[in-house]
Amino acid sequence: MKIFISADIEGVTGITDWPEADPTHPDYAEFRERMTAEVVAACEGALAAGASEILVKDAHWTGRNLLAERLPRQARLLRSWSGHPYGMVQGLDASFAAALFVGWHSGAWCGGNPLAHTLSSSRLMGVRVNGQWVSEFQLYAWAAALEGVPVVFVSGDAALCETVQAVDARIATVAVSRGMGAATLAEHPAVMRERIRSEVERCLRAPQRAAPAALPPRLEVQVVCKDARHAWRKAFYPGARLVDANTIGFDTEHSLELLRMLQFITRE
Ligand SMILES: [Zn+2]
């Protein structure tokens, strides 16, 4: 059984402010360790459930956060960004039995995490698809579905876990922190690691795992940029248009086209 893990940092236990997610800031070291420890816990749960191979995508900021020496030997690590439209789930293909998202966070326009954002905290106000603000979870659950792979486990802030449960209650979730404006409340990191390990094992052993996400037949996308100059420049993407000064509109019938467009719009 091959298992895919995508790891982010803004949804690890107790993370609260941007310096803790910033590789250039001294506060980052503690959370880099915690991100690694939570991924190791997920790997251990997967191995206990019978995983033979694990591919871990480091999906935060530079894509160079996880401490490779700490991962189990069965895990391979995909670091940095190639520009592939699958972004945070690059490397995922139909050979994987399931995908796990560890350390993920609420999307923009959700108050449940002080670090809530969608794709780019510096460039985007948010991404709306068919009238709803979407999180990275939703976007990359669609990417996984293009390969026929279900997302079966998500750990992150409580608001994200509630969103995930509303999409598909069969997806196992571990809420590691609860955001209240700029504050967070969390249990001890060791308690959360144990919960991640046991929930990953349980959901991978479960006879009724979550199914691949349903792909919408049509996607009406609005990307709201923080800077009107960025929106103007990026609205030249083929098929895109400027809806208002800060908003790029894009309609498609294929989720891959949405992911490809976002890959270009979030870059400089
Ligand atoms: Zn991140």
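The values are calculated or read from the model by the stated rules, or taken from the named source; none is laboratory data. The structure displayed is predicted, hence computed values, not measured ones. In this analysis, Cβ positions are derived from the backbone assuming ideal geometry, glycine residues included, and neighbour counts consider all displayed protein chains.
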_Taking the condition of being buried (at least 23 other Cβ atoms within 10 Å of the Cβ) and under 23 Å from Gln208 (Cβ atoms), how many residues in the stretch 124-140 meet it?_
2
*Do we have any residue at all in the stretch 58-72 that's closer than 26 Å to Arg205 by Cβ, within 16 Å of the ligand (Cβ to nearest atom), touching a residue at least 60 places away in the same chain (Cβ under 8 Å) and buried (at least 20 other Cβ atoms within 10 Å of the Cβ)?*
no
*asked:* Out of everything in the stretch 130-173 that is in contact with a Cys (Cβ under 9 Å, 6 or more places away or on another chain) and assigned to a helix (DSSP H, G or I), what residue ends up being farthest from Asp93 (Cα to Cα)?
replied: Ala159
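Return yes when Gly103 is under 19 Å from Lys57 (Cα atoms), among the small types (Gly, Ala, Ser) and within 12 Å of the ligand (Cβ to nearest atom) and no when it is not. Can you show your working first?
Values: under 19 Å from Lys57 (Cα atoms): yes; among the small types (Gly, Ala, Ser): yes; within 12 Å of the ligand (Cβ to nearest atom): yes.
So Gly103 passes the test.
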*For residues in the stretch 1-15 being away from the ligand (no atom under 14 Å from the Cβ) and of a type in the set (Val, Ile, Thr), which is nearest to the chain's Cα centre (by Cα)?*
Ile5
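Could you check, for the stretch 126-140, whether at least one of its residues is farther than 22 Å from Ala21 by Cβ and free of Cβ contacts under 8 Å to residues at least 40 places away in the same chain?
Among the residues of the stretch 126-140, at least one is farther than 22 Å from Ala21 by Cβ and free of Cβ contacts under 8 Å to residues at least 40 places away in the same chain, which makes the answer yes.
Can you tell which of Ala169, Ala175, Ala159, Ala143 is aliphatic (A, V, I, L, M), crowded, with 24+ Cβ neighbours inside 10 Å and out of contact with any strand residue (DSSP E or B) (no Cβ under 6 Å at 6 or more places or on another chain)?
Numbers: Ala169 fails: crowded, with 24+ Cβ neighbours inside 10 Å; Ala175 fails: crowded, with 24+ Cβ neighbours inside 10 Å; Ala159 fails: crowded, with 24+ Cβ neighbours inside 10 Å.
Of Ala169, Ala175, Ala159, Ala143, the one residue that is aliphatic (A, V, I, L, M), crowded, with 24+ Cβ neighbours inside 10 Å and out of contact with any strand residue (DSSP E or B) (no Cβ under 6 Å at 6 or more places or on another chain) is Ala143.
So, Pro85, is that one away from the ligand (no atom under 16 Å from the Cβ), in a loop (DSSP other than H, G, I, E, B) and of a type outside the set (Lys, Arg) or not? Reasoning before the result, please.
On the way: away from the ligand (no atom under 16 Å from the Cβ): yes; in a loop (DSSP other than H, G, I, E, B): yes; of a type outside the set (Lys, Arg): yes.
It is true that Pro85 is away from the ligand (no atom under 16 Å from the Cβ), in a loop (DSSP other than H, G, I, E, B) and of a type outside the set (Lys, Arg).
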_Can you tell me how many residues within the stretch 28-57 are within 15 Å of the ligand (Cβ to nearest atom), touching a helix residue (DSSP H, G or I) at 6+ places or on another chain (Cβ under 8 Å) and not polar (S, T, N, Q)?_
6
*Residue match in the stretch 135-142 (condition: more than 20 Å from Leu219 (Cβ to Cβ), within 16 Å of the ligand (Cβ to nearest atom), among the charged types (D, E, K, R) and modelled with pLDDT of 95 or more)*: no
